[in-house]
1. Rounded to the nearest 0.05, what FRET efficiency do residue 155 and residue 181 have when you use their Cβ-Cβ distance and R0 = 25 Å?
2. Normalised by the residues of the chain, what does the relative contact order come to in percent, with Cα pairs under 8 Å and at least six apart?
3. If I stretch the segment between residue 65 and residue 50 completely, what's the gain in nm (0.36 nm per residue apart, minus their alpha carbon distance), one decimal?
4. Based on the Kirkwood radius over alpha-carbon pairs, what value in µm²/s does the Stokes-Einstein equation return for the translational diffusion coefficient of the range 114-190 at 25 °C and 0.890 mPa s?
5. Sorted from fewest to most neighbouring beta carbons within 10 Å, what does the list 22, 153, 183 look like?
6. Starting from the Cα coordinates of the range 64-132, work out the convex hull volume and express it per residue in Å³.
7. Express in % the proportion of alpha carbon pairs of the chain at distances exceeding 25 Å.
8. Kindly rank 129-135, 169-175, 43-49 from highest to lowest mean number of other beta carbons found within 10 Å of each residue.
């Protein structure tokens, strides 16, 4: 089955020692990269985590409504994150927002600034303020040169992806390989906790 002259592994998939499988999954245990992929797939479903003024109270969570206003939400009682008094990062992405008695999210995961800035929305550099913004909502303190560098990395990644889409048989390893390695290096060297203070 399958067609196209490729391998056919049936319903169970390839054996775990298959070289193609091993190569395709070489970063599967890289949590930072997996979360970056979550950002790419779930953005703009973004939550801002604001610490509570009381240490015993949970943080306040906000999302940007369709009207462009900060709105509060809560983690659903069925979520593994329900009841958390603190999160390891200031931002989370989520799969779905539902409204019952309040606005809730079930599936949510903390993400870091680099994950958002590399795989989220439009990055703007505010030179005078020394900040970067993502779709004019999420803001990050950073020197302007960092924002310019991140925008350049994103432009190059977009080009590699565009080239691959336009010519699916083209091997983009020569141009894309070093870029992907640079992105992995950035993700892997960012401090794991970027918790709000």
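Since every read-out is calculated from the coordinates, none of them should be taken as a lab result. Note that the structure is predicted; figures quoted are calculated from it, not measured. Neighbour counts are summed over all protein chains in view; Cβ atoms, including those assigned to glycine, are modelled from backbone coordinates with ideal geometry.
1. On the way: r = 17 Å, r/R0 = 0.69.
Plugging the Cβ-Cβ distance into 1/(1 + (r/R0)^6) gives 0.90.
2. On the way: 269 pairs, mean separation 33.9, N = 197.
RCO, the chain: 17 percent.
3. Working: separation 15, 0.36 × 15 = 5.40 nm, distance 1.66 nm.
The span from residue 65 to residue 50 would gain 3.7 nm if fully extended.
4. On the way: Rh = 13.4 Å.
Rounded, D is 183 µm²/s.
5. Details: 22 12, 153 16, 183 19.
By the 10 Å Cβ count, ascending: 22, 153, 183.
6. Numbers: hull volume 8.9 nm³, N = 69.
With only Cα atoms used, the range 64-132 gives 129 Å³ per residue.
7. 47
8. Working: 129-135: 16.9, 169-175: 10.7, 43-49: 19.1.
Packing proxy ranking, top to bottom: 43-49, 129-135, 169-175.
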